[in-house]
Amino acid sequence: MTTETAYPQYDVDSPENLARRERGLEVARSIDGEAAQAVIDSLADISPALGHHIAAFGFGDVYARPGLEPRSRQLVTIGVLTALGGCEPQLRIHIGAALNVGLTREEVIEAILHASVYAGFPRALNAVFAAREVFAERDAAE
């Protein structure tokens, strides 16, 4: 039985795109366990193409590039999501990923503090509160 969606998905299931998506999912798993897969799965009923592009492009093409180590990529991501504001769900995922790739809690908070100079205090406060939630969840799981 196939599940059909009312929204066209075009060529996301071509052999080349399937390979890119799988490569991206491997990279995502190495960074944040199953968090990226959960996001992609949550899109299956409304926009599987968006889930595909997050995996294939975001992780398979960009995150997989050799120019930055995962720690550096997560620092950049935390800074950008802090500056954007309104991205706290994604920020929580990436703070968890930052801890997974070896950043310390102090480094995460320092990155947010640094971003406050450019993004402003309200966005930095929201980011710190998101970090507090991630740290508490980690503590509770230990």
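The values are calculated or read from the model by the stated rules, or taken from the named source; none is laboratory data. Not measured: the values here are computed from a predicted model. Backbone-built Cβ (ideal geometry, glycine too); neighbour counts: all protein chains shown. When the accessible area is computed, the model is the full protein with side chains, heavy atoms only, and any ligands, DNA or RNA have been set aside. Shrake-Rupley method; radii C 1.70, N 1.55, O 1.52, S 1.80 Å.
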Counting only helical runs of four or more DSSP H residues, what would the 222 nm mean residue ellipticity of the chain come to if each run contributes -39,500 (n - 2.57) and the total is spread over all its residues? -21500 deg cm²/dmol
Out of every Cα-Cα pair in the chain, what percent are more than 21 Å apart? 47 percent
Report ³J(HN,Hα) in whole Hz for each residue of the stretch 63-79, in order, from the Karplus equation J = 6.51 cos²θ - 1.76 cosθ + 1.60 where θ = phi - 60°; Gly and Pro get x. 4, 7, 5, x, x, 9, 6, x, 4, 5, 4, 5, 4, 4, 4, 4, x
Which of these, GLU34, GLU88, GLU16, has the largest mean-square fluctuation under a Gaussian network model of the chain (Cα springs below 10 Å)? GLU16
Return a whole-number percent for the relative contact order of the chain, with Cα pairs under 8 Å and 6 or more residues apart as the contact set. 21 percent
Peptide ranges 67-74, 48-55 listed from the most packed, as the mean C-beta count within 10 angstrom indicates: 48-55, 67-74
Karplus-derived 3J(HN,Hα), 6.51/-1.76/1.60, for each residue of the stretch 12-26, Hz, glycine and proline x: 5, 9, 5, x, 5, 5, 4, 5, 4, 4, 5, 4, x, 5, 4
Scaled by the rule-of-thumb 2.2 N^0.38 Å, the alpha carbon Rg for the stretch 60-124 gives a ratio of 1.07
Given the C-alpha centroids of the stretch 120-142 and the stretch 82-115, what is the distance between them in whole angstrom? 8 Å
Please list the non-local residues whose amide H lies under 5 Å from the amide H of GLY33, H modeled 1.01 Å from N, same-chain partners needing a gap of 5 or more. none
Apportionment of accessible area to carbon and sulfur, the stretch 48-142, percent (1.4 Å): 62 percent
